[in-house]
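The values are calculated or read from the model by the stated rules, or taken from the named source; none is laboratory data. A quick note: this is a predicted structure, and the numbers were derived from the prediction, not measured. Neighbour counts run over all protein chains shown; Cβ positions are idealised from the backbone, glycine included.
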Ligand code: AMP
């Protein structure tokens, strides 16, 4: 596996692969990789001849008071994980390689970003759409892999690909969790021992919601209230949002159907964690 720092080198490699008729998978990440990322890479390796993993803490998707500076980084460990999972290239550009100092173009997403994380993080999804578009243009993959962990991001990327006619298949992958149910996240590393124990409240609250729905509850307000009540039993938890939305359009719904996304963002101490579940038919 090669660690590549420049756009030109990625393009040269991909060009060679395409000349040989090989298919290319892309897994965009911000690094500090864990088993969640690994599951995406392994799936991409199964479904494509060559896989590029991008490892880039994208500054344009962080708000001014967010954790850009402290976001965890460990390129050496990431490289081992990628190599073990079968990636061909780990693309790790510097911000100056990705962004011209006098850039004037970005991708703006409307509609799917007014709720959930888009509401709490106003510039976030424009930053995501812009960097993912750039990665799509640099790597020109046949398929790109995204986790259901970031459910709104997955919906946003699917919509962007449709609206802007990217010829790329978007593959959504299930959430990988710790044994106690906590969704794996690079940000879990911020948690103290007590906070780590407390963080299980997110998946427990989702379970309360799921169980109500499995027992026939269709009223989104009642499900939401029960989930909030569960979260409030944990003194270290502070709710950013708990919402019930349509999974594709990310608009609030009153009634639970088979395409409903239940999503939450919760601060455990100073660490903002997200989790979600989708109600299938
Ligand atoms: P990140 O590095 O956090 O930006 O995540 C990169 C990709 O990995 C995104 O598509 C995430 O949704 C996905 N991902 C992160 N954590 C998990 C997880 N626990 N399970 C599945 N996918 C994940």
Residue 139 vs (1) touching a helix residue (DSSP H, G or I) at 6+ places or on another chain (Cβ under 8 Å); (2) within 19 Å of residue 261 (Cβ to Cβ): all pass except (2)
Exactly one of 144, 183, 151 is closer than 25 Å to residue 95 by Cβ, in contact (Cβ under 8 Å) with a residue 24 or more places away in the chain and touching a strand residue (DSSP E or B) at 6+ places or on another chain (Cβ under 8 Å), and that one is 144
On the basis of being under 18 Å from the mean Cα position of the chain (by Cα) and over 18 Å from residue 137 (Cβ atoms), does residue 68 make the cut? yes
Within the range 109-134, of all residues that are in contact with a strand residue (DSSP E or B) (Cβ under 8 Å, 6 or more places away or on another chain) and assigned to a helix (DSSP H, G or I), the one farthest from residue 245 (Cα to Cα) is 131
Yes or no: residue 88 more than 16 Å from the ligand (Cβ to nearest atom), within 24 Å of residue 34 (Cα to Cα) and over 18 Å from the mean Cα position of the chain (by Cα)?
yes
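Each row is one residue, and each column tells you yes or no for (1) farther than 30 Å from residue 13 by Cβ; (2) modelled with pLDDT of 95 or more; (3) within 16 Å of the ligand (Cβ to nearest atom); (4) surrounded by fewer than 17 Cβ atoms within 10 Å (Cβ to Cβ).
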residue: 154; (1), (2), (3), (4): no, yes, yes, no
residue: 161; (1), (2), (3), (4): no, yes, yes, no
residue: 233; (1), (2), (3), (4): yes, yes, no, yes
residue: 238; (1), (2), (3), (4): yes, yes, no, yes
residue: 243; (1), (2), (3), (4): yes, yes, no, no
residue: 246; (1), (2), (3), (4): yes, yes, no, yes
residue: 249; (1), (2), (3), (4): yes, yes, no, yes
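Conditions (1) within 16 Å of the ligand (Cβ to nearest atom); (2) buried (at least 17 other Cβ atoms within 10 Å of the Cβ); (3) closer than 22 Å to residue 39 by Cα; (4) modelled with pLDDT under 95, marked per residue:
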site: 186; (1), (2), (3), (4): yes, yes, yes, no
site: 195; (1), (2), (3), (4): no, yes, no, no
site: 211; (1), (2), (3), (4): no, no, no, no
site: 216; (1), (2), (3), (4): no, no, no, no
site: 219; (1), (2), (3), (4): no, no, no, no
site: 225; (1), (2), (3), (4): no, no, no, no
Of (1) buried (at least 16 other Cβ atoms within 10 Å of the Cβ); (2) within 16 Å of the ligand (Cβ to nearest atom); (3) more than 29 Å from residue 231 (Cβ to Cβ); (4) more than 14 Å from the chain's Cα centre (by Cα), residue 191 fails just (3)
Here the residues within the range 120-134 that are touching a residue at least 60 places away in the same chain (Cβ under 8 Å), surrounded by fewer than 24 Cβ atoms within 10 Å (Cβ to Cβ) and farther than 19 Å from residue 265 by Cβ are 130, 131
Exactly one of 106, 186, 133 is touching a helix residue (DSSP H, G or I) at 6+ places or on another chain (Cβ under 9 Å) and closer than 22 Å to residue 15 by Cβ, and that one is 133
Of the listed residues (279, 268, 274, 256), the one being surrounded by 14 or more Cβ atoms within 10 Å (Cβ to Cβ), in contact with a strand residue (DSSP E or B) (Cβ under 8 Å, 6 or more places away or on another chain) and within 14 Å of residue 120 (Cβ to Cβ) is 274
